[in-house]
Amino acid sequence: MSVDLPDGMYQRERSPNQTFDQEEPLYWRLTTESLRSLGHESGIAFRAPNFSVNRGKYSEPNWVLLPSYTDQGIVRLLVKDVPTKEISPPESRYRYACAVVHDPLPENYSHSEVRWLKNGRYDKDADIPRTVKKKVRQQLSQRAVVLKKPSA
Amino acid sequence: MFKDLGIYSAATLSDIPIDVIPSVSGSVLFTNPSIADSQPVEQVHLKRLEELLELSDGWDGYEAPRPNKQAISQGRAALDLLCAAGYPPTDILPSAEGGVGLVFRIDNRYADIEIFNDGEIIGLCAEDGSDPITWEITGPHSLAPALSKVCSFVRRPPRWDVSKGTITEPNI
């Protein structure tokens, strides 16, 4: 079922705002399989950065279900939950960390991304070692809070 | 953080009744007959693996690939080893990165073996409040030691050392 979007979701003339409060919530959807994984506080079914979220400053939690995902659940992280401490695997010359970036879409001003930084810089196509990604997925899963369970 | 995990001593091991049984791979496993009768649990996990094969791409509501047959097959091999030894995983989950994960959760300790669709395998051990440890599991003979490692970490007795017929202490 598709529903009309709230007026506040539209970007219109608004520019991105890269200032985040550490306590600001970040929301995204979850399915029954994702919920099962979080039930074990497991990062297995957790997406690795780069992934999309709605930032709470500009979004109600249930806006992540719009327009057509109303049977899915809602998960929340806080900005401070995103691991920004750099990880440097043994014998690697690269350092990896995560950052939250406001990346508005025309029909979702709150749209943001949790992105990988490699040596402090974002590269969408950067090759991130799976051991590093897995570590962060686990950390995120341990900090995620389920706000609404999926109904299907 | 993971150096002192109460690794099982020889005295502890001597308290555990041990039999030797052949594994599915033709090697030898040590097992505890009092807890090795995990047939119903194994059936549940086998059914779960079949379920995972039925998932569609995007099963997480985003872009997660479905587990492929290779990952399911490798998951089955790992499950056989674990169930034969009497230590089935807590659950089996689809991986958001494409693949399957055998997960273990006991109290504040968590471990998993994640098998990706391209055949790569990565292990993880985590304890609440500390940074997780991850490692690559490479080569055909490294799966059993990795399973032993995660089982030991979540405080289950180490199981197999197949080559010499001795029990290997975990070394996390």
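The values are calculated or read from the model by the stated rules, or taken from the named source; none is laboratory data. What you see is a predicted model; the values in this text were computed from it and never measured. Note that we place each Cβ from the backbone using ideal geometry, even for glycine, and neighbour counts take in every protein chain shown. Surface accessibility is based on the protein's heavy atoms, side chains included, excluding ligands, DNA and RNA. Shrake-Rupley method; radii C 1.70, N 1.55, O 1.52, S 1.80 Å.
When A:S68 is evaluated against the numbered criteria (1) polar (S, T, N, Q); (2) more than 20 Å from A:T19 (Cβ to Cβ); (3) open to solvent by less than 50 Å² (accessible area, probe 1.4 Å), which criterion, by number, is the only one it fails?
(3)
Quick check on B:E97: is it within 25 Å of A:I87 (Cα to Cα), touching a residue at least 24 places away in the same chain (Cβ under 8 Å) and either more than 10 Å from every other protein chain (Cβ to nearest Cβ) or of a type in the set (F, W, Y) (or both)?
No; evaluated as a whole, the condition is false for this residue.
For a quick check of your reading of the model, give me the residue pairs whose first member lies in the range A:80-105 and is of a type in the set (D, E, K, R), whose second is open to solvent by less than 30 Å² (accessible area, probe 1.4 Å), with beta-carbon atoms closer than 6 Å and at least 6 apart or on different chains.
A:E86/A:A97; A:D103/A:H111; A:D103/A:S112
Out of the residues in the range A:95-152 that are of a type in the set (F, W, Y) and crowded, with 20+ Cβ neighbours inside 10 Å, which is farthest from the chain's Cα centre (by Cα)?
A:Y96
Just a yes or no: is a residue in the range A:29-39 away from chain B (no Cβ under 13 Å) and part of a strand (DSSP E or B)?
Going through the range A:29-39, the residues away from chain B (no Cβ under 13 Å) turn out to be none.
Checking the range A:29-39: not a single residue is away from chain B (no Cβ under 13 Å) and part of a strand (DSSP E or B).
Can you pull out every residue in the range A:11-34 that is β-branched (V, I, T) and without any contact (Cβ under 8 Å) to a residue 24 or more places away in the chain?
A:T19, the sole residue that qualifies.
Which of the residues that make up the range B:59-74 are in contact with a Leu (Cβ under 6 Å, 6 or more places away or on another chain) and either within 12 Å of another protein chain (Cβ to nearest Cβ) or of a type in the set (S, T, N, Q) (or both)?
B:R66, B:P67, listed by residue number.
Filter the range B:114-135 down to residues that are open to solvent by 40 Å² or more (accessible area, probe 1.4 Å) and farther than 18 Å from A:Q139 by Cα, then give me how many there are.
The qualifying residues number 2.
Can you tell me how many residues within the range A:76-90 are part of a strand (DSSP E or B) and modelled with pLDDT of 95 or more?
Final tally of qualifying residues: 3.
Is it true that some residue in the range B:141-148 is open to solvent by less than 10 Å² (accessible area, probe 1.4 Å) and modelled with pLDDT of 95 or more?
No, every residue in the range B:141-148 fails to be open to solvent by less than 10 Å² (accessible area, probe 1.4 Å) and modelled with pLDDT of 95 or more.
Would you mind stating whether B:I72 is of a type in the set (V, I, T) and modelled with pLDDT of 95 or more? Talk me through it step by step, then tell me what you get.
Numbers: of a type in the set (V, I, T): yes; modelled with pLDDT of 95 or more: yes.
Yes, satisfied.
Okay, residues lined up against (1) under 19 Å from A:F20 (Cβ atoms); (2) not small (G, A, S):
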| position | (1), (2) |
| --- | --- |
| A:V101 | yes, yes |
| A:P104 | yes, yes |
| A:Y109 | yes, yes |
| A:E113 | yes, yes |
| A:G120 | yes, no |
| A:D127 | no, yes |
| A:V136 | yes, yes |
| A:V145 | yes, yes |
| A:K148 | no, yes |
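Given the conditions (1) in contact with a strand residue (DSSP E or B) (Cβ under 6 Å, 6 or more places away or on another chain); (2) among the aromatic types (F, W, Y); (3) open to solvent by 20 Å² or more (accessible area, probe 1.4 Å), and given that A:Y10 satisfies all but one, which numbered condition is not satisfied?
Every condition holds for A:Y10 apart from (1).
So A:N54 passes all but one of these: (1) surrounded by fewer than 19 Cβ atoms within 10 Å (Cβ to Cβ); (2) farther than 21 Å from A:K133 by Cβ; (3) within 14 Å of the chain's Cα centre (by Cα); (4) among the polar types (S, T, N, Q). Which condition number does it fail?
Every condition holds for A:N54 apart from (1).
Just need a number here: residues in the range B:117-140 that are under 18 Å from B:R76 (Cβ atoms) and more than 7 Å from chain A (Cβ to nearest Cβ).
Adding up the residues that qualify gives 7.
When you go through (1) away from chain B (no Cβ under 14 Å); (2) not in a loop (DSSP other than H, G, I, E, B) one by one for A:R93, which number turns out not to apply?
With (1) away from chain B (no Cβ under 14 Å); (2) not in a loop (DSSP other than H, G, I, E, B) applied to A:R93, the lone miss is (2).
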